[in-house]
Amino acid sequence: MDSIQVSIVQDREFIGYHAFDPANIHNDVKPAITLVVKWLFDGRHLRLADEVYADGLSDDHAQILDFVRRHLNGHVWGNQLNDDQALRQVLSHTQTSRPLILTGGQSLDLFAQTLYLRAGGVWDDYQALYNDESLEDWGDAVSSFRQSVTLDAYQRQQFIHMLDQACTQVRAALDERPVSV
């Protein structure tokens with residue numbers, strides 16, 4: 001009897017295709033995820049040819065979506081990223097509202113939607129609306145608010161800067177961990 005050998009390559013999907021789907025009704029802060037990709041690109045965190053980096057990438061939402069389709073096949077997988085533990089920790093926490101807890105107990109809220117609202121200067125207004133129990137249609141009000149936020153060029157840079165700062169903090173925390181022998 002002949003045998004067949006199968007190799008299955010396992011990898012982690014950090015950002016799935018649904019995050020980049022313009023028709024995804026569950027993502028009501030769509031530009032947040034494309035700004036995460038812009039951060040990955042600007043920091044040269046992606047395993048891309050030098051020619052791709054030489055072409056540059058604007059912070060325009062539609063252009064980043066096109067870039068993701070052309071160069072990342074609609075996803076961000078672990079094998080598309082540089083091997084950097086701090087980067088991976090920050091990136092994974094951009095997709096969850098669960099904070100990243102550093103050594104020493106410091107908490108970093110890196111959820112892309114939260115960073116987007118903070119960069120837009122509307123976080124406090126959003127929190128007030130989010131916590132308003134008197135709203136008749138709470139879900140629609142919260143979703144409409146998030147969809148209404150548009151960042152200008154300076155605010156988009158602030159979003160990227162927040163991720164840079166988080167990565168620096170995570171790297172420092174990783175460097176402080178005791179090495180077990």
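Key figures for this structure:
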{"read-out": "Cα centroid separation - the stretch 121-181 against the stretch 83-99, whole Å", "value": "14"}
{"read-out": "Contact order normalised by residue count of the stretch 1-67, Cα under 8 Å, 6+ apart, percent", "value": "26"}
{"read-out": "Pair Asp125, Ser3: separation of 7 Å Cα→Cβ label points (nm)", "value": "6.6"}
{"read-out": "Glu176, Glu133, reordered so the largest accessible area comes first (probe 1.4 Å)", "value": "Glu133, Glu176"}
{"read-out": "About the Cα centre, charge dipole magnitude for the chain (Lys/Arg +1, Asp/Glu -1 at Cβ), debye", "value": "480"}
{"read-out": "Calculated [θ] (222 nm, deg cm²/dmol) that DSSP helices of n ≥ 4 give over the chain, each run adding -39,500 (n - 2.57)", "value": "-15000 deg cm²/dmol"}
{"read-out": "Calculated FRET efficiency for the pair Ala49/Asp137, C-beta based, R₀ 45 Å, to 0.05", "value": "0.40"}
{"read-out": "For the chain: relative contact order, % (alpha-carbon pairs under 8 angstrom, 6 or more apart)", "value": "24"}
{"read-out": "Within the stretch 113-151, backbone nitrogen closer than 19 Å to the virtual label 7 Å beyond the Cα of Ile25 toward Cβ", "value": "137-148"}
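The values are calculated or read from the model by the stated rules, or taken from the named source; none is laboratory data. All of these numbers come straight from a predicted model, not from anything done at the bench. With ideal geometry, Cβ positions are generated from the backbone for all residues, glycine too; neighbour counts draw on all protein chains shown. Remember, those area values only see protein heavy atoms, side chains included, never the ligands or the DNA or RNA. Shrake-Rupley method; radii C 1.70, N 1.55, O 1.52, S 1.80 Å.
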